[in-house]
Amino acid sequence: MWRWLNNVSLVLLCVIAVSCGFADLRPIEIRTDPCDYESLLPDAYTPVMLSFNTGMRKHDTEGIMQISSDAGVVNGDRYWKGNDLYFVPVQGWTAGARYTLSLSGIVRSTDGRELRVERFVPFFAVNKSPPPLLEWFSPGEDASVGTTDTVMEFRFSSPMERLSVETALTVDGMGNKTFEWLLDDTHLRVIPEKNLIAWTTYRWTLKESAKSRDGVPLPGAISSRFVTNLDQVMPQVTRAFPVLNSMGRWLPTGAELSTGLGSGQAIAVEFNKVMDENVLRSMRFEPSITGRTELLSEKTIIYIFNRNPEPETAYTLVVSGDTKDSEGLKIGEDYRISFIPDIPFLKILSFNADNAPSLMNFGPSGDMGALEVPVDPAFGEFSFTIRFSAPFGNEEKQNAALKIFLFPFFPKNLPPIALRSANWISSDRLRMTWEGLRAGSSGEPNYYKLLIPGGKGGIENGQGMYLREDQFLFLEAIK
């Protein structure tokens, strides 16, 4: 009886099928491109394709498709051509990268059929070259280095695309750099254009955008750091001392700077280390003295004065605390040393008028009274010799003779006088002859005033020595 019932059921099902039309029992076919295991797409924008043998519900079908790599899910554009779904990466395929096309889920055709898909297809694009590796770099992790001769070096496992590596490398705190490629572009030297900053941590990163010559990027970003603390010795001034030029060479005088700086000398400053070029701008004086700074050696500088420091004046030499050594380390605090130059004021040692007593106490005020001096009655001539405390140079001799002035003082109606001759009988003795003087009488004395100008605008011997102030003497002309 059961057998009879089954036959009846089958007949009924057939009747129902005939009355409603035939059901499409054909399977949905799907084909992928790429389809073979680890096949190769020819270029960076070759699309991945899913091809169906019937019309598909597009939204559902697009949802089962995903492409990924070690870097993550690949973003791309999807579009249809008939029953074919295409996928094109936005950024293009990366050469040498291994991708996986993943199809997982249920898709439906437009006529209602369903297909459960679970398929994974690995593939490559452009080429199957292995990724480049950074095999070695210098300075090593947390290495201590100097500031003047540090060169960064990188060694790769395969030839690299230069521009991609140079743009992928960043070094925090380092300015312009020079790139030098060696060994068929497998070895890179990075040379800073300027010295590094002392006692500073430099961090660098080589991003994964660095590519081999085949276009394959690094597997991932690489970072490291190094510290410019190799030099632990701080720079300092070891001494400052006077120097004297002898046959074109500056030699120490052996004197202390505090009281031993003489006329025509310079000041040398010695450091304990090789210094940076900024050391030439490190010196100043209080009060200011004009001059220039030169290198005497790699550890010593010299300040050459344009003119001698002021006589008997207290100065302070200052070396700036910002002064750096060749490694960029600073002194830290200003170095200061005070000194008084061993350069006295120029003095008049004696005044000798012909046929008159020698005057040894020639001063600025003239309070010793008037000195009686005989005058030739025929031409009114009067001669005298002045002896100075230091020798004069040739040019300064001429200037001094023109600045010394003798003129009528009392009474006001005395006629003018003139200089007849001025001769230096030695480097420190000046003889002068004036004419036109008129001798007075006991009831009517005639006075003349001799003026020798002092100060910076007065007479000067060529070695920075000048009279502290104006010197003058009253003369009474007698027969």
Go through region 426-479 and count every residue that is under 56 Å from the mean Cα position of the chain (by Cα), of a type in the set (A, V, I, L, M) and in a loop (DSSP other than H, G, I, E, B). 2
Can you confirm whether region 134-143 contains a residue that is out of contact with any strand residue (DSSP E or B) (no Cβ under 8 Å at 6 or more places or on another chain) and either over 15 Å from Arg203 (Cα atoms) or surrounded by fewer than 13 Cβ atoms within 10 Å (Cβ to Cβ) (or both)? no
Counting just the residues of region 454-475 that are surrounded by fewer than 18 Cβ atoms within 10 Å (Cβ to Cβ) and free of Cβ contacts under 8 Å to residues at least 60 places away in the same chain, which one comes out farthest from Phe382 (Cα to Cα)? Lys456
Based on this model, can you work out whether Gly440 counts as within 23 Å of Glu312 (Cβ to Cβ), surrounded by 14 or more Cβ atoms within 10 Å (Cβ to Cβ) and either touching a strand residue (DSSP E or B) at 6+ places or on another chain (Cβ under 9 Å) or modelled with pLDDT of 95 or more (or both)? no
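Hey, any hits in region 207-221 for a residue that's outside any loop (DSSP other than H, G, I, E, B) and among the aliphatic types (A, V, I, L, M)?
Within region 207-221, the first condition is being outside any loop (DSSP other than H, G, I, E, B), and the residues that meet it are 211-212, 217.
Filter again for among the aliphatic types (A, V, I, L, M), leaving none.
Taking every residue of region 207-221 in turn, none turns out to be outside any loop (DSSP other than H, G, I, E, B) and among the aliphatic types (A, V, I, L, M).
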All but one of (1) of a type outside the set (Lys, Arg); (2) within 21 Å of Asp354 (Cα to Cα); (3) out of contact with any helix residue (DSSP H, G or I) (no Cβ under 9 Å at 6 or more places or on another chain); (4) free of Cβ contacts under 8 Å to residues at least 40 places away in the same chain hold for Ile404; state the number of the condition that does not hold. (4)
How about region 51-83: which of its residues are more than 14 Å from Ile28 (Cβ to Cβ), touching a strand residue (DSSP E or B) at 6+ places or on another chain (Cβ under 8 Å), of a type outside the set (S, T, N, Q) and open to solvent by less than 60 Å² (accessible area, probe 1.4 Å)? Glu62, Met65, Ile67, Val74, Gly76, Trp80
Residue list for region 65-100, restricted to those being touching a Ser or Thr at 6+ places or on another chain (Cβ under 6 Å) and assigned to a loop (DSSP other than H, G, I, E, B): Gly96, Ala97
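Taking into account only those residues within region 237-261 that are part of a loop (DSSP other than H, G, I, E, B) and touching a strand residue (DSSP E or B) at 6+ places or on another chain (Cβ under 7 Å), which is least open to solvent (accessible area, probe 1.4 Å)?
Let us first name the residues in region 237-261 that are part of a loop (DSSP other than H, G, I, E, B), namely 247-248, 253-256, 261.
Then drop every residue that is not touching a strand residue (DSSP E or B) at 6+ places or on another chain (Cβ under 7 Å), which leaves 253, 255, 261.
Values: Thr253: 53, Ala255: 41, Leu261: 0 Å².
Step by step, filter region 237-261, then rank; the result is Leu261.
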Members of region 294-348 that are under 23 Å from the mean Cα position of the chain (by Cα), without any contact (Cβ under 8 Å) to a residue 60 or more places away in the chain and not in a strand (DSSP E or B): Glu298, Lys299, Ser320, Gly321, Asp322, Glu333, Asp334
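Looking at this structure, is Leu414 closer than 30 Å to Thr313 by Cβ and open to solvent by less than 60 Å² (accessible area, probe 1.4 Å)? It would help to see each step written out before you state the result.
Details: closer than 30 Å to Thr313 by Cβ: no; open to solvent by less than 60 Å² (accessible area, probe 1.4 Å): yes.
Criteria not met by Leu414.
The values are calculated or read from the model by the stated rules, or taken from the named source; none is laboratory data. Bear in mind that the values here come from a model prediction, so they are computed numbers and not experimental data. A quick note on method: Cβ atoms are made from the backbone with ideal geometry, for glycine too, and the neighbour counts reach across all protein chains shown. Note: areas computed on protein heavy atoms with side chains; ligands, DNA, RNA excluded. Shrake-Rupley method; radii C 1.70, N 1.55, O 1.52, S 1.80 Å.
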